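The values are calculated or read from the model by the stated rules, or taken from the named source; none is laboratory data. Since the structure is predicted, the reported quantities are computational estimates derived from the model, not experimental observations. Virtual Cβ from ideal backbone geometry, glycine too; neighbours counted across all protein chains shown. Just so you know, the surface numbers come from the protein's heavy atoms only, side chains and all, with ligands and any DNA or RNA stripped out. Shrake-Rupley method; radii C 1.70, N 1.55, O 1.52, S 1.80 Å.
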Amino acid sequence: MGTRPVTDDVDRASAQPWFVGPGDNGSAALAANIVVCLCVPLMAIATVMHGDVLTDGAVGIVTIAAVAGVALHYRTRWPLAVLFITLLGAVTALLVGRASPALGLACEIAVFTVACVRPRRVAGAAALITAAVLFGAARSGVGGPITAAATLIVVVWTALAFAGGVAVRTQRAYMIALADRARKADENYEQEARTLVAEERVRIARELHDVVAHHIAVINVHAGLARRAVGRDADTVDTSLGHVQEAARTVLDELGTVLNVLRSSEVGEAGSEPTTQPAPGMERLDELLETFAGAGLEVRTTANWPLGDMDRACDLAAFRIIQESLTNASKHGADGQAKLTLISAADGLTIGVSNLVRMSPAGSTRTPTPVGHGLMGMRERAAACGGSLSARQDDHGVFSVLATIPHRPTHAPDVSTTGAPGRHRGRARRDGNP
């Protein structure tokens with residue numbers, strides 16, 4: 001099961017674009033940002049060479065521009081401090097000579113960076129202060145109306161720098177959200193895959209248990225009969241060994257069917273053919289009861305025939321529950337008898353199996369009802385169809401299993417580990433059943 005590299009996507013989305021400032025974007029991005037920083041002093045030199053600034057003032061402006069350029073290199077680490085330095089440089093340049101477009105450019109770069117890396121409220125306040133300072137610097141020594149283009153242009157450039165930074169920040173937040181959503185989707189995908197694998201393992205374990213347990217119990221009973229009858233009753237030995245052979249062949253066939261399904265990774269896989277043998281259901285109930293009779297378990301059956309048409313999954317669940325319940329009665333029963341009650345109603349099939357179990361010696365604590373893989377499997381099968389199942393042992397040593405299986409799968413209710421029969425639907429009509 002592969003894992004998509006979503007973490008790399010999140011890291012890439014959270015990284016600052018190269019034009020915002022120096023970061024972890026590689027040597028090419030670092031070189032580009034150095035060029036941006038050099039633009040300020042180079043532009044200041046070009047302005048001085050083609051202007052009428054005095055020599056002393058020119059040196060001062062170029063020096064201030066150089067300091068601003070160096071400060072811009074750290075603009076992503078300390079954006080507000082760098083903006084303050086560039087604004088201070090613009091005001092100082094005005095005092096030593098005249099307003100410098102190069103320092104105005106440095107201020108706009110700093111505003112853009114603040115808008116990229118700081119909340120919008122902070123960036124907006126910084127942009128307003130910058131616009132006011134640059135507007136005042138542009139108005140100094142310039143005549144004409146306040147709305148002249150030469151003065152308003154600095155406000156326009158500040159607004160554009162602020163808007164561009166906000167757009168970059170918004171886009172980056174959007175990309176981070178997308179990457180985070182992809183990461184969460186990947187985690188959910190992995191969790192769902194693990195859940196499906198766990199559910200499939202449980203289903204396979206339940207199926208293997210149901211296939212093997214009954215026939216192994218039959219083999220165990222007849223092997224014991226044959227061992228005790230050796231040398232005394234040849235017919236009993238022959239009959240018991242015949243049952244052992246038949247049960248072994250049956251369990252091998254059913255295991256082969258299960259393994260064929262597990263080994264077929266695709267439908268129509270080369271060299272594989274889909275099995276045509278149907279899953280066992282209630283139509284094989286008589287055959288099942290015969291195997292128990294042959295193993296020495298007398299099953300008294302009460303049913304209101306016909307049982308009605310059931311969905312294949314519900315039919316299989318009902319059959320496996322009866323099979324497992326009678327297998328437990330055969331292994332743990334005290335008198336070799338069990339009672340099976342089948343009641344078909346509009347809401348489903350009610351299955352009741354009861355038998356007398358071996359009690360603990362007098363005066364000792366009664367052995368609690370065992371909760372093994374068989375009972376868990378029966379509850380899971382009932383719940384998977386939307387039914388319910390309870391198992392309990394009363395004070396008289398009678399162990400009872402009561403299950404309700406709907407004719408069609410419905411929403412699965414919660415399944416309790418133990419419970420009284422009275423908690424099941426239709427209890428009033430079935431008080432006499434185990």
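Brief remarks follow.
- Near pairs, Cβ below 8 angstrom, 6+ apart or cross-chain, from the stretch 179-204 (in contact (Cβ under 8 Å) with a residue 24 or more places away in the chain) to any residue that is of a type outside the set (A, V, I, L, M, F, W, C) and surrounded by fewer than 11 Cβ atoms within 10 Å (Cβ to Cβ): Asp186/Thr3; Glu190/Thr3
- Any hit, the stretch 113-125, residues being free of Cβ contacts under 8 Å to residues at least 24 places away in the same chain, in a helix (DSSP H, G or I) and open to solvent by 70 Å² or more (accessible area, probe 1.4 Å): yes
- Residue within the stretch 197-211 that is among the hydrophobic types (A, V, I, L, M, F, W, C) and under 18 Å from Arg249 (Cα atoms) present: yes
- Scan of the stretch 306-351 for residues that are in contact (Cβ under 8 Å) with a residue 40 or more places away in the chain, among the small types (Gly, Ala, Ser) and surrounded by fewer than 22 Cβ atoms within 10 Å (Cβ to Cβ), ordered by number: Gly308, Ala313, Ala334, Gly336, Ser344, Ala345
- When Arg228 is tested against (1) over 15 Å from Ala295 (Cα atoms); (2) open to solvent by 40 Å² or more (accessible area, probe 1.4 Å), only condition (1) is not met.
- Among the residues listed as Val299, Val371, the single one being among the β-branched types (Val, Ile, Thr), open to solvent by 30 Å² or more (accessible area, probe 1.4 Å) and modelled with pLDDT of 85 or more: Val299
- Scanning the stretch 87-103 for residues that are open to solvent by less than 40 Å² (accessible area, probe 1.4 Å), part of a helix (DSSP H, G or I) and closer than 13 Å to Val62 by Cα yields Gly89, Ala90, Ala93, Ala102, Leu103.
- Of all the listed residues (Arg169, Arg194, Arg181, Arg201), the sole one being open to solvent by 60 Å² or more (accessible area, probe 1.4 Å) and touching a Cys at 6+ places or on another chain (Cβ under 7 Å) is Arg169.
- Any hit, the stretch 205-223, residues being open to solvent by 80 Å² or more (accessible area, probe 1.4 Å) and either among the charged types (D, E, K, R) or touching a Cys at 6+ places or on another chain (Cβ under 8 Å) (or both): no
- Among the candidates Lys331, Lys339, residue that is at pLDDT below 85 and closer than 30 Å to Thr239 by Cβ: Lys331
- Considering (1) at pLDDT below 90; (2) part of a helix (DSSP H, G or I), the lone condition that Pro306 does not fulfil carries the number (2).
- Test for Arg139: is it basic (Lys, Arg) and modelled with pLDDT under 85: yes
- Test set (1) hydroxyl-bearing (Ser, Thr, Tyr); (2) within 23 Å of Asp210 (Cα to Cα); (3) modelled with pLDDT under 90 - Ser390 fails condition number: (3)
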